[in-house]
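Worksheet for the structure shown next.
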Amino acid sequence: MAAIGNRGTVTEASGFNAEADAHSLREAMKGTGTNEDAITEVLAHRTVAQRQRIKEAYKQTVGKDLANDLSSELSGNYCSVVLGLLMLAPVYDAYELKSAMKGAGTEEAGLIDILASRTNAEIKTINAIYKKEYGKDLEDAVCGDTSGMFQRVLVSLLTAGRDESDRVDEAQAVLDAKEIFEAGEARWGTDEVKFLTVLCVRNQKHLMQVFAEYQKISGRDIEDSIKREMSGCLEEVFLAIVKSLRNKPAFFAERLYKSMKGLGTTDTVLIRIMVARAEIDMLDIKEQFLKAYGKTLYSFIKWKVLVSNKDVWLKSSWEWQVSWTVQIEDLDQRRSRRPE
């Protein structure tokens with residue numbers, strides 16, 4: 001029942017008792033009104049593996065499905081967070097991909113965030129779960145909701161065929177860099193297929209060498225060239241691939257920042273990243289957020305997220321202990337500047 005990774009802020013609860021937690025959740029939903037604090041206190045402080053045990057215990061002792069009961073009692077963003085916490089990681093990813101393609105329009109950010117950042121093994125598992133849960137191949141679903149070169153990039157990522165070795169072929173790296181340059185900056189128009197072939201197939205270490213060689217050849221960073229040569233969803237997915245390969249926690253820190261920057265909050269992005277990365281690399285994401293933006297992730301969420309669903313973030317995955325929370329709040333008060 002250990003956490004998924006070792007750099008998360010959600011860790012295995014000591015003295016775990018699935019039956020006691022199931023009872024606490026049942027009590028929180030009995031009678032008039034719902035005790036959301038009690039629900040948060042249980043679910044936000046357990047690993048996803050422990051939550052699976054709680055779901056089983058709830059069904060055994062109550063005779064009902066925990067997710068269904070919570071769904072009937074909760075609403076809005078808080079409900080989305082809680083239901084997300086109950087899902088295994090690949091199940092949640094499949095659910096988010098389905099949600100991104102549901103109804104009129106497509107939430108391209110959901111497709112990009114997940115498919116550009118997951119490993120081959122993770123994508124293969126997501127493909128299998130999507131087929132099992134929704135009775136349709138994920139590739140077919142993506143092709144039905146996207147088009148053009150953006151669709152082709154997503155399909156390439158869905159094959160889970162990236163080389164994941166550590167091998168760096170220096171001669172090939174020079175050739176890859178030259179081909180990308182000639183496909184973009186060095187010509188009128190852009191041959192996006194060349195970018196796809198290199199960015200979606202080569203391994204991470206090799207691509208770091210390609211990016212260094214590209215800088216020498218073009219005098220530009222690969223990200224700058226992508227911004228110059230492309231636009232819209234295609235630009236976003238290629239940038240996501242590059243940023244995730246360079247520094248995945250920094251990529252997610254930037255996505256969180258942009259989801260809360262300015263007026264309002266892009267709740268779907270915020271919820272998806274916080275739920276999905278809580279047990280994996282949230283400690284690193286927090287560090288990158290502070291490094292890039294000079295503010296703690298805690299303080300930014302505190303200012304930007306509606307009070308109705310703020311507590312689950314601040315308590316669930318990071319600094320939920322009262323003493324540590326007070327220390328952070330004191331630090332933020334000394335900063336005394338509201339995020340812009």
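The values are calculated or read from the model by the stated rules, or taken from the named source; none is laboratory data. Because the structure is predicted, anything quoted here is derived from the model rather than measured. Cβ sites come from the backbone with ideal geometry, for glycine too, and all protein chains shown count toward neighbours. In case anyone asks, the SASA skips ligands and DNA or RNA and just uses the protein heavy atoms, side chains included. Shrake-Rupley method; radii C 1.70, N 1.55, O 1.52, S 1.80 Å.
Side notes on the structure shown:
- Using alpha-carbon coordinates, inclination of helix 120-134 to the longest axis of the chain, degrees: 60
- Accessible area expressed per residue, the stretch 18-86, with surrounding protein chains retained (probe 1.4 Å, Å²): 44
- Rounded if a/c under 1.5, otherwise prolate or oblate - the stretch 139-188, Cα gyration tensor axes: oblate
- A simple charge model with +1 on the Cβ of Lys and Arg, -1 on the Cβ of Asp and Glu and nothing else charged puts the dipole of the stretch 180-243 at about 220 debye relative to its Cα centre.
- Which of L245, L270, L234, positive extreme of dipole for the stretch 162-301 (C-beta unit charges): L270
- Given +1 at the Cβ of Lys and Arg, -1 at the Cβ of Asp and Glu and no other charges, the dipole of the stretch 89-159 around its Cα centre is 180 debye to the nearest 20.
- If you sort R118, R7 by accessible surface, 1.4 Å probe, largest first, the order is R7, R118.
- Accessible-area order (highest first, 1.4 angstrom probe) of the listed residues I129, I114: I129, I114
- Accessible surface of the stretch 18-86 [probe 1.4 Å, protein heavy atoms]: carbon and sulfur percent: 41
- Structure-derived Cα Rg over 2.2 N^0.38 Å - corresponding label in (1) 0.99; (2) 1.07; (3) 1.17: (2)
- Solvent accessible area, Å² - T266, 1.4 Å probe, full protein context: 70
- Solvent-accessible area of V155, all protein chains in place: 30 Å² (probe radius 1.4 Å, heavy atoms, ligands and nucleic acids excluded).
- Of the listed residues K59, K132, the order by accessible area with a 1.4 Å probe, largest first, is K132, K59.
- Between A13 and I217, the distance separating the two model label sites (each 7 Å from Cα on the Cα→Cβ line) works out to 5.4 nm.
- Low-density loop positions, chymotrypsin sites (Phe, Trp or Tyr not before Pro), the stretch 148-193 - DSSP coil, at most 13 other Cβ in 10 Å: W188
- Under 12 Å, Cβ to Cβ, from T106 - net charge with Lys/Arg +1 and Asp/Glu -1: -1
- Computed from Cα atoms, the angle from the helix 282-293 axis to the main principal axis of the chain rounds to 60 degrees.
- Global form of the stretch 59-147, assessed from the alpha-carbon gyration tensor, a/c cut-off 1.5: prolate
- Of the solvent-accessible surface of the stretch 170-246, computed with a 1.4 Å probe and all protein chains present, 47% belongs to carbon and sulfur.
- Against the chain, whose longest principal axis is taken from its Cα atoms, helix 89-100 shows a tilt of about 70°.
- 23 Å Cα-Cα threshold exceeded, pairs from K178/K243; K178/K258; K261/K291; K227/K258; K55/K124; K132/K243: K178/K258; K55/K124; K132/K243
- Positive-end extreme of charge dipole, the chain - chosen from A121, G63, P90 (charges on Cβ): G63
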